[in-house]
Structures are given as structure tokens and as C-alpha cells.
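Chemist: Would you mind keeping the following structure in view while I ask a few things?
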Amino acid sequence: MKGFPILLERLFLRSPGVNVCFRIIIEGKFEKNEIEEAIKKICVRHPFLNSSVKIDDENNAMLVQNDTPVCIEFHKANETDWRTWLKKTDNAAFDFLHGPLVKFCVIRGKNIEIIFLGHHIVGDGIGYLNLVNDILLALDNRIDLTPQLPPCESADKCFKETVFLDALTKSYAAGLNKAWRKNPVRFSEKEYMDFFEQYRGKYIPNLYMASIEGDDSRKLLEKCKLNGLTVNEIITSAFSVATMEMFGNREIRLGIAVNVRNELLSEPKDCLGNYITGVLAKARYDPANDFISNAKSIAVIMKKQLTNLKSRHLVIHFLNEFDKDLIESIVFAAYGNFDHPASKKLAALIGERLEKKGLGISNLGRYDFYDYKNFNVADVQFIGPAYPANLLTIGFITVNDKLNLCLRYNEGEIKTDIIKGIYKRVTELLALYQ
């Protein structure tokens, strides 16, 4: 497999807090060799699973195929649980130079649990959801083994339609590059590993799982329809209002992940790869109004950013204006001890180095997992990254009419009791008008 660049290569490559996890729960019996064979098949379909990172002579980072096999751990249900495996695995830095960049765990008990943790540079939420689907098809002996390879256009040529940066923004980027080049720094793998250890000493990812299903799910959909809101809008609004109430704020910064796969010249289709961008919006809360009024106001703010092409593509185009090693330095300046004015300015500009932390939203949408011959899918859960720039990051996915939520946060930054309090308030806000 030749090398494939990615849209946000340097930012995600060095960020130590962007791993993505999925948990699949299957009602069925499989032998160890059957599961191993299924994962071998998905490695044929998704060559990115056997990859590492190569830095070329021009300092570009690319994913390349290598011979390092994927890592699969097998456990019995009475030996460990998925949270224990995730915490241990997530707390160890991926070996970019040798791979693998995705790790698997299988826990066998009454049900089969397949959990995998992958670096964001290999896949976004939709990409890893493609992997979930192919794992299930492989176990059901119905997988297509045609390799799914991503497109590799450069960032300035990848979109079908785009709005490029204005001259003033380009000039500002050129100025930061000039300041950086006076004293540039390139970090070694050892320096990254040292930084990772220091980072994880301060930012310890934790999670809180919740779900909305049955009558509650139907009532929520009815409420959305009645008030002209989407599930994404009402859930985002509920978390925004609950968080602002909790901390006595009238405004909060929203960071919303955006899938751009269908906006690219060469659509990635069913492959892995990272094809997301993000928009920023400021949600405002008026305590004089009821929740639905606040939710509608927040929805208007979200729509304005999500439907604006320039806003959707800004992060990708903006970051690609900068020297690659300057981009790589952002996380060292934002979360480590690296002191460089250009790095700190850029970190603040993209929201990685702000005193007031925001709220992150990542909604994968609705998916049905039915009609398998050899098993039933009991659940699929999405555990997104615990971004340090966010006070709280909410990842959600609707699976077989059940809305699964995962609240990700960093211990030390926010306490679990506060997270539980925010979610309790969310359920109250959603129930007020049901």
C-alpha cells in the first residue's frame, strides 16, 4: 500500500487525547479462531489496520502498510471488563513508527464483546463505524474482501466545492510561519513519549455511559417533531443549558464535529481514514426563557455554522497554511511545557489553549444492526475522545432505536459527580415538556 496523507495529519498525529473506541455486544457463540479469522478478513478489506506513520523527506506524514499484525487480546468475562481494558490501552501511547495503530479486545462470556481502540489518524467516527459493520459481516460470513483505500488529494484540492481563506487570514498565517521559522523545533519520538507521559499524568480520561430508549426515545422524537428540532439539536441544547446552569454561565463554546466525506472530490465511501472537520459556535442561555425557547435559539446558532461552507472547511484550510512542524508543536504548547509564542498563538486560535473550556459534540447518526444469520447484535457503543480543550465531550449514536450517549471528560478537570449532575439535569430538561 502506498502512503496516504490525511487532512489534519499533524494535529491528530501528535495529539495524545484523540483515540476512538467502539464496543460491539453480540448475542451468539464464537470460538477464538473464528473471531481471529474474521479480523484477518477485515484487515484485507481495510489495509489501514496494518499501518504505521512514515515521515518523508519533505516532512509530510503518511500512513503506510507494514507487516505488523493487529493486536488482539482475548479475555474471559470473569477475568476483566471492557472499561478496564480501555483504560489500560488508552493510557499507552501508540507506536507511530511501527504500529499497529488499532488494537482489539475480545471478552467472552454470556455474550461476545468486541472492543477496539484506534488512533484518530487512522479513522474518524464514521470510518470506525464502517469497521464495526465489516466485523459483523465477517462474523456472518458475508464480507466483501475488496480493499477499501482512501483518496489522497491534498487539502487544497480535495473538496468538490469550497470557500478558500481570505487574503488577511493568509497574511496572518504567513506572519506566524515567519515567527516560527526564526526558531523552529522538530520533536523526536522520545520527546513525544515523554510529553505523552506528562500529559496523561494530568489529563486522565474517564467516561459516563447513558442511553435513551423505549418510551423515552419515542417521546423524545415526538417532542423534536412538535417543536421543529432535530435530535442532534435538542440533545446538544440540553447539554449546553445544563452545563451553563451548573457553572452559572450565560454562554458556552460549542465544538461540533462535521463529517465531510460526501463533500470530497473522491468520496472515501466505506474506508477508514479521517475525514472530519469541526465548527465552533457560541451557545447562549437566557434563564428568563423556557428550555424549548433556549433550544430553538441554540439550534439557529448551530445551523448558521453547520450550513456555512466556509465555516465547515475553515479548520482544514487554515491549518494547512502552516508549517507542518508548527502544527505539530500546538499540543506541546497547549498541554505541555513548550514555550514558543507562535505555537501558543496558534493553539489559542484553534481553541486548544483557552482558559474557558467548551462543550464538544460528536453525533454519528442512526444505524440499524439487524438481519444477521449467526447472531444478534445487542448493542453498539461509541466512545469518542476526551478532548482536553473541552470540559465535556458528548458522543452519541442511535442503534436499533436506542440512543447511546457517552460523556467523556478528564479527571482533575471535572469531577464525576458534576458529570452525573449535568446528565441528571439533561434528563429533566428533556422530560419537562414530554
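The values are calculated or read from the model by the stated rules, or taken from the named source; none is laboratory data. These figures come from a predicted structure and were not determined experimentally. Methodologically, a virtual Cβ is constructed for each residue, glycine included, from the backbone with ideal geometry; neighbour enumeration extends over all protein chains shown.
Chemist: Looking only at segment 161-175, which residues are in a helix (DSSP H, G or I), in contact (Cβ under 8 Å) with a residue 40 or more places away in the chain and either more than 22 Å from ASP325 (Cα to Cα) or of a type in the set (Ser, Thr, Tyr) (or both)?
Modeler: Within segment 161-175, THR169 is the sole residue that qualifies.
Chemist: Let me ask something additional. Anything in segment 373-401 that is surrounded by fewer than 17 Cβ atoms within 10 Å (Cβ to Cβ) and in contact with a helix residue (DSSP H, G or I) (Cβ under 8 Å, 6 or more places away or on another chain)? List them, or say none.
Modeler: Answer for segment 373-401, where residues must be surrounded by fewer than 17 Cβ atoms within 10 Å (Cβ to Cβ) and in contact with a helix residue (DSSP H, G or I) (Cβ under 8 Å, 6 or more places away or on another chain): ASN374, PHE375, ASP401.
Chemist: Do you know which residues across segment 303-359 are free of Cβ contacts under 8 Å to residues at least 60 places away in the same chain, of a type in the set (S, T, N, Q) and under 20 Å from ALA167 (Cβ atoms)?
Modeler: ASN308, SER311
Chemist: Among the residues of segment 14-36, what is the count of those that are in contact (Cβ under 8 Å) with a residue 12 or more places away in the chain and closer than 19 Å to ASN374 by Cα? Outline the logic, then answer.
Modeler: First, pick out the residues of segment 14-36 that are in contact (Cβ under 8 Å) with a residue 12 or more places away in the chain: 14-30, 32, 34-36.
Keeping just the survivors that are closer than 19 Å to ASN374 by Cα gives 23-30, 32, 34-36.
So the count comes out to 12.
Chemist: Is it fair to say ILE121 is touching a residue at least 12 places away in the same chain (Cβ under 8 Å), part of a loop (DSSP other than H, G, I, E, B) and in contact with a Lys or Arg (Cβ under 7 Å, 6 or more places away or on another chain)?
Modeler: Values: touching a residue at least 12 places away in the same chain (Cβ under 8 Å): yes; part of a loop (DSSP other than H, G, I, E, B): yes; in contact with a Lys or Arg (Cβ under 7 Å, 6 or more places away or on another chain): no.
So ILE121 fails the test.
Chemist: In addition: Quick check on segment 94-105. Is at least one of its residues of a type in the set (Gly, Ala, Ser), within 27 Å of TYR192 (Cα to Cα), buried (at least 19 other Cβ atoms within 10 Å of the Cβ) and within 26 Å of the chain's Cα centre (by Cα)? Before you say what the answer is, go through the steps one by one.
Modeler: If we filter segment 94-105 for residues that are of a type in the set (Gly, Ala, Ser), which is where we start, we get 99.
Now restrict to residues that are within 27 Å of TYR192 (Cα to Cα): 99.
Next, from what is left, pick out any that are buried (at least 19 other Cβ atoms within 10 Å of the Cβ): 99.
Among the residues that remain, those that are also within 26 Å of the chain's Cα centre (by Cα) are: 99.
Yes, some residue in segment 94-105 is of a type in the set (Gly, Ala, Ser), within 27 Å of TYR192 (Cα to Cα), buried (at least 19 other Cβ atoms within 10 Å of the Cβ) and within 26 Å of the chain's Cα centre (by Cα).
Chemist: Now a separate question. It is to be established whether one or more residues within segment 406-418 are closer than 28 Å to ASP140 by Cβ, in contact with a strand residue (DSSP E or B) (Cβ under 7 Å, 6 or more places away or on another chain) and in contact (Cβ under 8 Å) with a residue 40 or more places away in the chain. Outline the logic, then answer.
Modeler: Kept after step one, since they are closer than 28 Å to ASP140 by Cβ, are these residues of segment 406-418: 406.
Subset that is in contact with a strand residue (DSSP E or B) (Cβ under 7 Å, 6 or more places away or on another chain): 406.
Checking which are in contact (Cβ under 8 Å) with a residue 40 or more places away in the chain leaves us with 406.
Yes, there is a match, as at least one residue in segment 406-418 is closer than 28 Å to ASP140 by Cβ, in contact with a strand residue (DSSP E or B) (Cβ under 7 Å, 6 or more places away or on another chain) and in contact (Cβ under 8 Å) with a residue 40 or more places away in the chain.
Chemist: When you go through ILE252, ILE301, ILE330, ILE292 one by one, which is the residue that is within 19 Å of the chain's Cα centre (by Cα) and β-branched (Val, Ile, Thr)?
Modeler: On the way: ILE252 fails: within 19 Å of the chain's Cα centre (by Cα); ILE301 fails: within 19 Å of the chain's Cα centre (by Cα); ILE292 fails: within 19 Å of the chain's Cα centre (by Cα).
Among ILE252, ILE301, ILE330, ILE292, only ILE330 is within 19 Å of the chain's Cα centre (by Cα) and β-branched (Val, Ile, Thr).
Chemist: Criterion first (farther than 21 Å from LEU131 by Cα, assigned to a helix (DSSP H, G or I) and not β-branched (Val, Ile, Thr)) does LYS87 satisfy it?
Modeler: Details: farther than 21 Å from LEU131 by Cα: yes; assigned to a helix (DSSP H, G or I): yes; not β-branched (Val, Ile, Thr): yes.
Against the criterion (farther than 21 Å from LEU131 by Cα, assigned to a helix (DSSP H, G or I) and not β-branched (Val, Ile, Thr)), LYS87 qualifies.
Chemist: Give segment 90-110 a look and list any residue that's without any contact (Cβ under 8 Å) to a residue 60 or more places away in the chain, of a type in the set (A, V, I, L, M, F, W, C) and outside any loop (DSSP other than H, G, I, E, B), or say none.
Modeler: If the condition is that a residue be without any contact (Cβ under 8 Å) to a residue 60 or more places away in the chain, of a type in the set (A, V, I, L, M, F, W, C) and outside any loop (DSSP other than H, G, I, E, B), then VAL102, CYS105, ILE107 are the ones that fit.
Residues are listed down the side, and each one gets a yes or a no for (1) touching a helix residue (DSSP H, G or I) at 6+ places or on another chain (Cβ under 9 Å); (2) at pLDDT below 90; (3) assigned to a helix (DSSP H, G or I); (4) within 24 Å of ASN59 (Cβ to Cβ):
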position	(1), (2), (3), (4)
ASN177	yes, no, yes, yes
ASP194	no, no, yes, yes
LEU229	yes, no, no, no
GLU267	yes, yes, no, no
